[in-house]
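First, the structure itself, so that you have it in front of you.
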Amino acid sequence: MAAAPHGPPEPEWEEVAAGISCKLLATDAEKNRVSMLVRLAPGAAYPPHRHAGVEELYLLDDELLIDDMTLYPGDYNRAEPGTGDQRVWSETGCTCVLLTSTRDVLR
């Protein structure tokens, strides 16, 4: 039996802040876009930020709270350029797919 061809190496999880890890899936430098998996540890929060471009988020597991909205597995959230999130956190911990601008502004 022939071995399956090997693609590029699997990206590694990288801790980018306390309780927040990312696995980069793709980068589009020309459009300043990035696609990644994001994992929040229980109780972790992402800092307030303003969206420089469209942000798309698909929650894979557990719960994620964005301001006064709670997302559950399978939920999709789209944020338009110029909008912002004051509080993004997870009491349970969670994993999501995030497509966003590399130029978002942390507050």
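The values are calculated or read from the model by the stated rules, or taken from the named source; none is laboratory data. Remember, predicted model here, so these are calculated numbers, not experimental data. Positions of Cβ are backbone-derived with ideal geometry, glycine not excepted, and every protein chain shown enters the neighbour counts. SASA here: full protein model, heavy atoms, side chains in, ligands and nucleic acids out. Shrake-Rupley method; radii C 1.70, N 1.55, O 1.52, S 1.80 Å.
Can you report the number of residues in the range 70-93 which are of a type outside the set (D, E, K, R) and either open to solvent by 80 Å² or more (accessible area, probe 1.4 Å) or within 19 Å of GLY53 (Cβ to Cβ) (or both)?
10
While we're on this one: If ALA18 passes every condition in (1) touching a residue at least 12 places away in the same chain (Cβ under 8 Å); (2) surrounded by fewer than 17 Cβ atoms within 10 Å (Cβ to Cβ); (3) in contact with a strand residue (DSSP E or B) (Cβ under 8 Å, 6 or more places away or on another chain) but one, which one does it miss?
Evaluating ALA18 over (1) touching a residue at least 12 places away in the same chain (Cβ under 8 Å); (2) surrounded by fewer than 17 Cβ atoms within 10 Å (Cβ to Cβ); (3) in contact with a strand residue (DSSP E or B) (Cβ under 8 Å, 6 or more places away or on another chain) leaves (3) as the failure.
Would you check which residues across the range 65-102 are touching a Lys or Arg at 6+ places or on another chain (Cβ under 9 Å), without any contact (Cβ under 8 Å) to a residue 60 or more places away in the chain and under 20 Å from SER21 (Cα atoms) and list them?
LEU65, ILE66, ASP85, GLN86, GLY93, CYS94, THR95, CYS96 - these are the residues of the range 65-102 that are touching a Lys or Arg at 6+ places or on another chain (Cβ under 9 Å), without any contact (Cβ under 8 Å) to a residue 60 or more places away in the chain and under 20 Å from SER21 (Cα atoms).
In addition: Take LEU59 and tell me if it is open to solvent by 60 Å² or more (accessible area, probe 1.4 Å), in a strand (DSSP E or B) and of a type outside the set (Val, Ile, Thr).
no
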